[in-house]
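Reviewing the structure listed below.
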Amino acid sequence: MSKERIKISEDLYDIMPSDYQDLVKSATYGKEDRGWKDIGSSKELIEQHSLCAGCPESMAFRYILASLPNPEDTVMVGSTGCTSLVFPMVAVHNIHSLFGNQNAIASGLKRALSVRFPGRVKDVVVLAGDGATVDIGLDMTLQAWFRQEKFTTICFDNELYANTGGQESGLMQKGFVAKMAPVGKLFDKVRLPEIARESGCHYVVNCTVSKPSLVEKVIRNAVHIAREIGPTYLQLYTPCILEIGKNSMEGLQEMRDSEKPAERFAYKEYVSEPAKQLLAELAAKDKERKAAAKQLTGQAQA
Ligand SMILES: Cc1ncc(C[n+]2csc(CCOP(=O)(O)OP(=O)(O)O)c2C)c(N)n1
Ligand code: SF4
Ligand SMILES: [Mg+2]
């Protein structure tokens, strides 16, 4: 989906929807330093959504799409749930998979893309809810990690099945009572970040989406590491405000409360040794590139 491929034929320009015209004119495709700060000043890759007003999943989507290092050559794989309501409005190639199958679909897709486009970087990113990732899709999630499939898995953890009215999920907290789980959860929240690490993921982060700069950093790291080394996993807390009885303005505070030290979404990160080395190399290259750009600007101004 590079700008070249979405360019509008001159003869058809005036009949194309203005949203599409804006996408071609001012989306950040191809911009190496794209990030959350482009939100508001460039055409975003998602501007509308059908989630509940104030749902933190909608913030998370915006930050993630703004931070993908290579959106024009990225394919996202979604699954059934609240997240799947958003994908039809996302300006990045995406596939909807049957509930729970997302990591199996992504495995085949990533392999097919590397055969079809051998010389080209093609990133695959799974984005699914906790029910899809840890319950119905757990086998597919784990097997992809065991096989060292080179893509990123993002779980929007809202600690229940939101889209079907609030059933218990493996990532729900112990004791939590939901509309369709009136007895209260009897077991502990599954320690999926730890399982991801044990299953071979090279980069694992557990955090909330309260800070866009942090989301940007972890998305970039996860995609780069998956591209070069092996599977990566991000578990992002996107509370279902509808189910926990908060209004649209309270999602951010809910995330801030849950990321305090010792709370269940306190920032947790694991980076494997090869991934650490890759991140150091990327940081050095980035520094060099920015210094060269600064020098060029200086010369142009002199
Ligand atoms: C194979 C299959 N099983 C069950 C369902 C019903 N279903 C739709 S969404 C959903 C829950 C999704 O929960 P989660 O993955 O946590 O996403 P959320 O809606 O919370 O974002 C379920 C069980 C389905 N659509 N397909
Ligand atoms: S039901 Fe919950 S997770 Fe789904 S859109 Fe509404 S607030 Fe968000
Ligand atoms: Mg959920």
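The values are calculated or read from the model by the stated rules, or taken from the named source; none is laboratory data. Predicted model only: the values in this text are computed from it and were never measured. For neighbour counting, all protein chains shown are included, and Cβ atoms are generated from backbone atoms with ideal geometry for every residue, glycine included. Ligands, DNA and RNA are excluded from the accessible area calculation, which covers all protein heavy atoms including side chains. Shrake-Rupley method; radii C 1.70, N 1.55, O 1.52, S 1.80 Å.
If only one of T152, T80 is more than 20 Å from E198 (Cβ to Cβ), polar (S, T, N, Q) and modelled with pLDDT of 95 or more, which one is it?
T80
How many of the residues in region 174-186 are open to solvent by 100 Å² or more (accessible area, probe 1.4 Å) and free of Cβ contacts under 8 Å to residues at least 40 places away in the same chain?
4
Taking the options V126, V177, V134, V183, name whichever one is among the β-branched types (V, I, T) and out of contact with any Gly (no Cβ under 9 Å at 6 or more places or on another chain).
Every option except V183 fails the conditions.
Out of the residues in region 75-90 meeting the condition of being out of contact with any helix residue (DSSP H, G or I) (no Cβ under 8 Å at 6 or more places or on another chain) and more than 10 Å from ligand 1 (Cβ to nearest atom), tell me which one is most open to solvent (accessible area, probe 1.4 Å).
The qualifying residue most open to solvent (accessible area, probe 1.4 Å) is P88.
Please work out which residue is farthest from T232 (Cα to Cα), limiting yourself to region 87-129 and to residues that are β-branched (V, I, T) and within 17 Å of the chain's Cα centre (by Cα).
Step by step, filter region 87-129, then rank; the result is V90.
Return the residue satisfying two criteria in turn: it lies in region 102-137 and is farther than 29 Å from Y29 by Cα and open to solvent by 20 Å² or more (accessible area, probe 1.4 Å), and of such residues it is farthest from ligand 3 (Cβ to nearest atom).
Here the answer is I136.
Go through (1) more than 16 Å from ligand 3 (Cβ to nearest atom); (2) modelled with pLDDT under 95; (3) within 20 Å of L236 (Cα to Cα) and name the single condition K174 misses.
It fails just one condition, (2).
What residue, among those in region 1-43 that are in a helix (DSSP H, G or I) and small (G, A, S), is surrounded by the most Cβ atoms within 10 Å (Cβ to Cβ)?
For region 1-43, the residue satisfying everything is S26.
May I ask you to list the residues in region 124-165 that are polar (S, T, N, Q) and either more than 8 Å from ligand 1 (Cβ to nearest atom) or more than 25 Å from L242 (Cα to Cα) (or both)?
T141, Q143, Q148, T152, T153 - these are the residues of region 124-165 that are polar (S, T, N, Q) and either more than 8 Å from ligand 1 (Cβ to nearest atom) or more than 25 Å from L242 (Cα to Cα) (or both).
Would a scan of region 40-53 turn up a residue that is within 18 Å of S210 (Cα to Cα) and within 16 Å of ligand 3 (Cβ to nearest atom)?
Looking through region 40-53, at least one residue is within 18 Å of S210 (Cα to Cα) and within 16 Å of ligand 3 (Cβ to nearest atom).
Kindly list the number of the only condition in (1) surrounded by fewer than 19 Cβ atoms within 10 Å (Cβ to Cβ); (2) closer than 20 Å to N163 by Cβ that fails for H93.
It fails just one condition, (2).
When you look at G165, is it outside any helix (DSSP H, G or I), small (G, A, S) and either more than 16 Å from ligand 3 (Cβ to nearest atom) or over 21 Å from T238 (Cα atoms) (or both), yes or no?
Here the answer is no, as G165 does not meet what is asked.
Residues of region 217-242 being within 29 Å of G108 (Cβ to Cβ), open to solvent by 10 Å² or more (accessible area, probe 1.4 Å) and under 14 Å from the mean Cα position of the chain (by Cα), which ones?
Result: R220, N221, H224.
Which number in (1) within 16 Å of ligand 1 (Cβ to nearest atom); (2) in a loop (DSSP other than H, G, I, E, B); (3) acidic (D, E) marks the one condition that E57 misses?
Among (1) within 16 Å of ligand 1 (Cβ to nearest atom); (2) in a loop (DSSP other than H, G, I, E, B); (3) acidic (D, E), the lone unmet condition for E57 is (2).
Collect the residues in region 81-98 that are within 20 Å of N158 (Cα to Cα) and within 15 Å of ligand 2 (Cβ to nearest atom), keeping them in residue-number order.
G81, C82, T83, S84, L85, V86, F87
Can you pull out every residue in region 44-74 that is surrounded by fewer than 18 Cβ atoms within 10 Å (Cβ to Cβ) and β-branched (V, I, T)?
Correct list: I46 only.
Among (1) open to solvent by less than 10 Å² (accessible area, probe 1.4 Å); (2) not in a loop (DSSP other than H, G, I, E, B); (3) not small (G, A, S), which single condition is L171 missing?
(2)
Report the residue count in region 190-216 for those that are more than 13 Å from the chain's Cα centre (by Cα) and either modelled with pLDDT under 95 or open to solvent by 40 Å² or more (accessible area, probe 1.4 Å) (or both).
8
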